[in-house]
Amino acid sequence: MWDYVFGGIAFMLVIEGILPFLCPNCWRNWATKLMKFSDQTMRLAGFSMMLAGLILLYCVNFFYGEL
């Protein structure tokens, strides 16, 4: 099971590193705008992303079998 956890973390790091690698100026501007959001908005965005990830994992597991 731990191989899936570490594989998922590694995949997340690869995906998150694409934008700063390809367009660092765009990423910096986006991060600056992100800092202006309130804590409540950031928590809602974080919760929404976690929920979307869980739903995606459920769908993948449902349609393609065990992860």
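Quick notes on this structure:
- Of the residues making up the range 48-67, those that are within 18 Å of residue 9 (Cα to Cα), among the hydrophobic types (A, V, I, L, M, F, W, C) and free of Cβ contacts under 8 Å to residues at least 60 places away in the same chain are 49, 50, 51, 52, 54, 55, 56, 57, 60.
- Scan of the range 40-67 for residues that are closer than 18 Å to residue 1 by Cβ and either hydroxyl-bearing (Ser, Thr, Tyr) or at pLDDT 95 or above (or both), ordered by number: 58, 64
The values are calculated or read from the model by the stated rules, or taken from the named source; none is laboratory data. All values reported here derive from a predicted model rather than from experimental measurement. Note that we place each Cβ from the backbone using ideal geometry, even for glycine, and neighbour counts take in every protein chain shown.
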